[in-house]
Amino acid sequence: MKILVEKAMVAREIEVSVLGNQDPKASIPGEIVPHREFYDYTAKYLEDGTQLLIPAKLKSGQVKTIQSLAVAAFRALELSGMARVDFFLEKRAAGKLFLNEVNTIPGFTSISMYPKLWEASGIPFRQLIDRLIALALEQHTEKARTKYEIELPEGAGGALQG
């Protein structure tokens, strides 16, 4: 039984969609502006008022940094296909940037940021689906051509004997 307590942060929520396998790319960033204090299930799905700002109002240097960090996180976690990378950008003057989470199965509904960010980046929904299918087939082909073999040492016994 554990509890995690974190220091409160007054920040903007910035999200980026990432697409690719070996050469992932990041979309333009978007921002979620909740209409009340917490962006919970009710605020997200049941109430109107939350704004999705696409593109997020950021300086060009911030956009490049956020996109670069999103791709770096995608690569560090050895992901493929798609992910949405979420950041917190402090509202204070210093504006520190924090990676909040990497969502490896982001939403794909009419209100979801993942496809909306790609559409704003120049990839419409149908083309995005085609790209995701092509990336999945590419991964499948790569896995299918990889062979695994275990060489057992002389005299190996127990669970290793087949």
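The values are calculated or read from the model by the stated rules, or taken from the named source; none is laboratory data. The structure displayed is predicted, hence computed values, not measured ones. Each accessible area value is taken on the protein alone, full model and side chains, heavy atoms only, with ligands, DNA and RNA left out. Shrake-Rupley method; radii C 1.70, N 1.55, O 1.52, S 1.80 Å.
³J(HN,Hα) across segment 24-40 via Karplus (A = 6.51, B = -1.76, C = 1.60, θ = phi - 60°), whole Hz, x for Gly/Pro?
Taking θ as phi minus 60°, the curve returns x, 10, 10, 6, 5, x, x, 10, 9, 10, x, 8, 9, 4, 10, 8, 9 Hz for segment 24-40.
Quick one: which residues, 5 or more positions from Ile28 or on another chain, have an amide H under 5 Å from its amide H? H modelled 1.01 Å from N in the peptide plane, none for Pro or chain starts.
Ser121
So what is the calculated 222 nm ellipticity per residue for the chain, using -39500 (n - 2.57) for each DSSP H run with n of 4 or more, over all residues, to the nearest 500 deg cm²/dmol? Display every interim value, and only then the final one.
Values: 3 runs with 46 residues, N = 162.
Taking each H run of at least 4 residues, the total per residue is -9500 deg cm²/dmol.
Over the chain, what relative contact order in percent results from Cα pairs under 8 Å that are six or more residues apart?
On the way: 224 pairs, mean separation 39.3, N = 162.
It comes to 24 percent, rounded to a whole number.
Hey, if we sort Val16, Val5 by accessible area with the 1.4 Å probe, largest down, what's the order? If you can, show how the numbers build up before the last one.
Details: Val16 0, Val5 120 Å².
So the residues, ranked largest to smallest area, are Val5, Val16.
Residue-wise, which Karplus ³J(HN,Hα) couplings in Hz belong to segment 70-81, taking 6.51 cos²θ - 1.76 cosθ + 1.60, θ = phi - 60°, and x for glycine or proline?
Once rounded to whole Hz, the list reads 5, 5, 4, 5, 4, 5, 4, 8, 6, 8, 8, x.
What is the extension gain from Lys7 to Asp40, computed as 0.36 nm multiplied by their sequence separation minus the C-alpha to C-alpha distance, in nm to one decimal? Can you show the working numbers first?
Working: separation 33, 0.36 × 33 = 11.88 nm, distance 1.87 nm.
Length gained, Lys7 through Asp40: 10.0 nm.
Largest first, what is the accessible-area ranking of Met82, Met9, Met1 with a 1.4 Å probe?
Ranked list, largest accessible area first: Met1, Met9, Met82.
With 32 Å as the limit, write out which pairs from Lys116/Lys147; Lys7/Lys143; Lys7/Lys64; Lys2/Lys59; Lys116/Lys143; Lys2/Lys44 have Cα-Cα distances beyond it, or answer none.
Long pairs (Cα-Cα over 32 Å): Lys116/Lys147; Lys7/Lys143; Lys2/Lys59.
Please report, as a whole percent, how much of the solvent-accessible surface of segment 42-158 comes from carbon and sulfur atoms (probe radius 1.4 Å).
Values: 4340 of 8140 Å².
Of all accessible area on segment 42-158, carbon and sulfur atoms account for 53 percent.
Report, to one decimal in Å, the Kirkwood hydrodynamic radius for segment 37-162 based on all distinct Cα pairs. Intermediate values should be presented prior to the final figure.
On the way: mean 1/r = 0.0545 Å⁻¹.
About 18.4 Å, per the Kirkwood formula over Cα pairs.
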